Amino acid sequence: MTDGIELEHDGEVARLTLRRPEKMNAISFGMWSAIPGIVAGVERDPSVTVLVLTGAGEDFSAGADIGEFRDLRSSAEGGATYDKAVEAAVAALASMRKPSVAMIRGNCIGGGCQLAVASDFRFAAEGSRFGITPSKLGIVYHFDSTRQLVSLVGPANARYFLLSGLLVDAVRAREMGLVNEVFPAGALEESTMDFVRTLGSRSQASIRGMNRIIEKIVAGQAEPDSEVDEIRAAAVHGEDYAEGVAAFLERRPPNFTFR
């Protein structure tokens, strides 16, 4: 496993931890580069239903490791190579069909916030701080990450984050639509994992199909296409549909088996 990233499995849950607490979990070029392969492995693993992203210690992530920028982004070619690694990591997360949940403590800034926005859900501890800071570095933010941010918080709040580079607390982030829920710090783990277990109890055929359709809508697709039709047809002819209807009629919890 790449230095700075740890992947663990707990039953049906995979947990990707950014583990550089001495640097507030700043994301190195090697970490960015490793994320697509890790995510692909989680997506292929039939034993996993949900990916949880978090940070070691007191922070989610303070962002990209700016200490590397002079060496890795000092030329146009180096900047392009670095950006491709970031874009690939974000695209891998955003295109997952299995759901992803960012569990956030402390600082969630810059590239750290970029990863959180690419996840499907964001749960934060009270006292967390959020910000996206390209305007402090003379960087123009990645197009797909900007689109994802706008889809979450709207253009006015996206401009607030991107143009000002200011930080907001967890409560304000929830009000702006960036965060789904805010919990007391001591309750974050349990509350997040309760939600993760809820996701695991649902039809995975439904979850993965709907996640793909949402991805298409966020990307700007306005009408269904053949892939959407195939997803919906496969679901209605699948085992989960039969079990879900039977369980409803029999007034019992469903026992979905699709993985």
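What the table shows:
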item: Scope segment 37-71; condition open to solvent by less than 30 Å² (accessible area, probe 1.4 Å), farther than 22 Å from residue 91 by Cβ and of a type outside the set (Asp, Glu); matching residues; result: 56
item: Which numbered condition residue 200 misses (of (1) of a type outside the set (D, E, K, R); (2) without any contact (Cβ under 8 Å) to a residue 12 or more places away in the chain; (3) touching a strand residue (DSSP E or B) at 6+ places or on another chain (Cβ under 9 Å)); result: (2)
item: Failed item, numbered, when residue 127 is tested on (1) closer than 24 Å to residue 190 by Cα; (2) in a helix (DSSP H, G or I); (3) without any contact (Cβ under 8 Å) to a residue 60 or more places away in the chain; result: (2)
item: Selection count, segment 76-91, where residues are open to solvent by 20 Å² or more (accessible area, probe 1.4 Å) and of a type in the set (A, V, I, L, M, F, W, C); result: 4
item: Number of positions in segment 128-148 that are under 19 Å from residue 182 (Cβ atoms) and aliphatic (A, V, I, L, M); result: 1
item: Where residue 190 falls short, out of the listed (1) under 26 Å from residue 17 (Cα atoms); (2) open to solvent by 30 Å² or more (accessible area, probe 1.4 Å); (3) touching a residue at least 60 places away in the same chain (Cβ under 8 Å); (4) not polar (S, T, N, Q); result: (3)
item: Test: residue in segment 40-60 that is charged (D, E, K, R), touching a Gly at 6+ places or on another chain (Cβ under 9 Å) and either at pLDDT below 95 or farther than 22 Å from residue 130 by Cα (or both); result: no
item: Test: residue in segment 86-96 that is over 10 Å from the mean Cα position of the chain (by Cα) and touching a residue at least 60 places away in the same chain (Cβ under 8 Å); result: no
item: Residue selected from segment 215-259 under the condition surrounded by 15 or more Cβ atoms within 10 Å (Cβ to Cβ) and not in a helix (DSSP H, G or I), by the criterion nearest to the chain's Cα centre (by Cα); result: 258
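The values are calculated or read from the model by the stated rules, or taken from the named source; none is laboratory data. Treat the numbers as computed from the prediction; the structure is a model and nothing was measured. Glycine gets a Cβ as well: all are built from the backbone with ideal geometry, and neighbour counts include every protein chain shown. Quick note on the areas: whole protein, heavy atoms, side chains included, nothing else; ligands and nucleic acids left out. Shrake-Rupley method; radii C 1.70, N 1.55, O 1.52, S 1.80 Å.
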